[in-house]
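Report on the structure given below.
The values are calculated or read from the model by the stated rules, or taken from the named source; none is laboratory data. Predicted model, so just to flag it, every value in this text is computed and none were measured. Every residue, glycine among them, receives a Cβ derived from its backbone with ideal geometry; neighbour counts consider all protein chains shown.
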Amino acid sequence: MTKRILNIGNLQVYQGYTNEFLDWYGAMDMCREIGKGWRLPDDEEIKYIKDFYDLGILNVESPDAKPAFFWLVEIPEIFGRAFKYNFKNDYLTDSNKIKEYNLVLPVRKIK
């Protein structure tokens with residue numbers, strides 16, 4: 001997949017790593033490697049991004065074309081857990097940050 005940045009409102013979405021399955025810590029490292037300000041989206045941001053997915057503007061297909069989950073922010077109240085989201089099923093749930101591997105969709109705020 002070509003690495004490209006999509007501007008969605010006050011967010012930039014980096015579409016370069018949507019074909020690599022990583023644990024949550026690997027996803028965080030990936031965001032830092034892209035550059036300053038890149039991070040995993042929160043649950044409100046992913047709902048906003050979902051609107052653009054529904055319009056066909058954002059491509060978030062997994063490598064095997066199966067519905068896949070994307071890592072979101074961690075859950076501070078629950079040690080070792082983070083949110084994950086599935087675009088096709090519009091499904092938000094939590095996941096073990098080490099034992100599960102999901103896709104990465106880095107975001108950053110636009111000033």
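Worth a mention:
- Only one of the numbered conditions (1) part of a helix (DSSP H, G or I); (2) at pLDDT below 90; (3) not β-branched (Val, Ile, Thr) is violated by Ala27, and that is (2).
- Tally of residues being within 15 Å of Tyr53 (Cα to Cα) and either assigned to a loop (DSSP other than H, G, I, E, B) or under 11 Å from the mean Cα position of the chain (by Cα) (or both) across the range 66-103: 10
- Being surrounded by 17 or more Cβ atoms within 10 Å (Cβ to Cβ), of a type in the set (Asp, Glu) and assigned to a helix (DSSP H, G or I) holds for only one residue in Glu33, Glu45, and it is Glu45.
- Pairs linking a residue in the range 72-89 that is aromatic (Phe, Trp, Tyr) to a residue that is not in a strand (DSSP E or B), with Cβ atoms under 7 Å and 6 or more positions apart or on different chains, are Phe83/Asp43; Phe83/Ile75; Tyr85/Ile46; Phe87/Lys50; Phe87/Tyr53; Phe87/Val60.
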